[in-house]
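Trainee: What follows is a structure written as structure tokens; I'll ask about it next.
The values are calculated or read from the model by the stated rules, or taken from the named source; none is laboratory data. Keep in mind it's a predicted model, so treat the numbers as computed, not measured. For neighbour counting, all protein chains shown are included, and Cβ atoms are generated from backbone atoms with ideal geometry for every residue, glycine included. Note: accessible area is taken over every heavy atom of the protein model, side chains too, but ligands, DNA and RNA are not part of it. Shrake-Rupley method; radii C 1.70, N 1.55, O 1.52, S 1.80 Å.
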Amino acid sequence: ERSLSDKYWLNISDPDFSFGGVIEHTNLVPKRRYGTHLVYLFSYVPAEHEIYNLSDKALFERYYADLKRIFPSIKKNDIRKYHVNRATHANPVFETPFLPKMPKQETPVSGLYLLDMTQIYPQDRNVSHSIALAKEFVEENL
């Protein structure tokens, strides 16, 4: 029903939290596009993990309790609806050999370059590796 903060992405590195971050999508894409505020909480855990195997309701309760620790003013009636998605593979699955198939950073358009998650290979996709890739590219090419 209302915004949690003015932040788009908030990483949570505290192992006592049940999720790894809060993405308030409507701080990037305007609320009018969805008609409401859209918030995404994520936990990238193996399928054997306790969190992965909770019922949707139990997971909501756990996430809500932790969300309230960050945003104490949130109330349950602020949440219109929630949806739980589980996927056993959240990272790209690379065909081998992958390096010859990796997208090139240069494009046919002068001054336009492509950097994406596949180019982080063989590291796991994450924000830190993305930033490192971009920084390395800029230092070497621009």
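Trainee: Pick out the one residue from Pro92, Pro108, Pro97 that is open to solvent by less than 60 Å² (accessible area, probe 1.4 Å), in a loop (DSSP other than H, G, I, E, B) and either in contact with a strand residue (DSSP E or B) (Cβ under 8 Å, 6 or more places away or on another chain) or not hydrophobic (A, V, I, L, M, F, W, C) (or both).
Mentor: Numbers: Pro108 fails: open to solvent by less than 60 Å² (accessible area, probe 1.4 Å); Pro97 fails: open to solvent by less than 60 Å² (accessible area, probe 1.4 Å).
Matching residue, one of Pro92, Pro108, Pro97: Pro92.
Trainee: Is there a residue being of a type outside the set (Gly, Ala, Ser), surrounded by fewer than 13 Cβ atoms within 10 Å (Cβ to Cβ), within 14 Å of the chain's Cα centre (by Cα) and closer than 24 Å to Ser128 by Cα anywhere in segment 19-30? Walk me through it before giving the result.
Mentor: First, pick out the residues of segment 19-30 that are of a type outside the set (Gly, Ala, Ser): 19, 22-30.
Still in the running and surrounded by fewer than 13 Cβ atoms within 10 Å (Cβ to Cβ): 28-30.
Retained after the next criterion (residues that are within 14 Å of the chain's Cα centre (by Cα)): 28.
Adding the requirement that they be closer than 24 Å to Ser128 by Cα leaves 28.
Yes, segment 19-30 contains a residue that is of a type outside the set (Gly, Ala, Ser), surrounded by fewer than 13 Cβ atoms within 10 Å (Cβ to Cβ), within 14 Å of the chain's Cα centre (by Cα) and closer than 24 Å to Ser128 by Cα.
Trainee: Still on this structure, I have one more. Pairs needed: first member in segment 29-49, farther than 18 Å from Arg62 by Cα; second member anywhere, in a helix (DSSP H, G or I) and not basic (Lys, Arg); C-beta distance under 7 Å; at least 6 residues apart or different chains.
Mentor: Tyr34/Thr26; His37/Thr26; Leu38/His25; Leu38/Thr26
Trainee: On the basis of being of a type in the set (A, V, I, L, M, F, W, C) and within 21 Å of the chain's Cα centre (by Cα), does Ala58 make the cut? Let's see the steps before the verdict.
Mentor: Working: of a type in the set (A, V, I, L, M, F, W, C): yes; within 21 Å of the chain's Cα centre (by Cα): no.
Answer is no for this residue.
Trainee: In segment 51-89, what count of residues is obtained for those that are of a type in the set (Gly, Ala, Ser), open to solvent by less than 50 Å² (accessible area, probe 1.4 Å) and part of a loop (DSSP other than H, G, I, E, B)?
Mentor: 0
Trainee: A follow-up question, please. Identify all residues within segment 123-140 that are open to solvent by 60 Å² or more (accessible area, probe 1.4 Å) and either in contact (Cβ under 8 Å) with a residue 24 or more places away in the chain or among the basic types (Lys, Arg) (or both); write none if there are none.
Mentor: Within segment 123-140, Asp124, Arg125, Val127, Lys135 qualify.
Trainee: Looking only at segment 31-41, count every residue that is exposed (fewer than 13 other Cβ atoms within 10 Å of the Cβ) and not in a loop (DSSP other than H, G, I, E, B) and tell me the total.
Mentor: Summing the residues that are exposed (fewer than 13 other Cβ atoms within 10 Å of the Cβ) and not in a loop (DSSP other than H, G, I, E, B) in segment 31-41 gives 2.
Trainee: Report, ordered by the first and then the second residue, all pairs with beta carbons closer than 7 Å, sequence separation of six or more or different chains, a first member in segment 54-82 that is within 19 Å of Ser43 (Cα to Cα) and without any contact (Cβ under 8 Å) to a residue 12 or more places away in the chain, and a second member that is open to solvent by less than 90 Å² (accessible area, probe 1.4 Å) and outside any helix (DSSP H, G or I).
Mentor: Close Cβ pairs (under 7 Å, with a partner that is open to solvent by less than 90 Å² (accessible area, probe 1.4 Å) and outside any helix (DSSP H, G or I)) amount to Lys68/Ile74.
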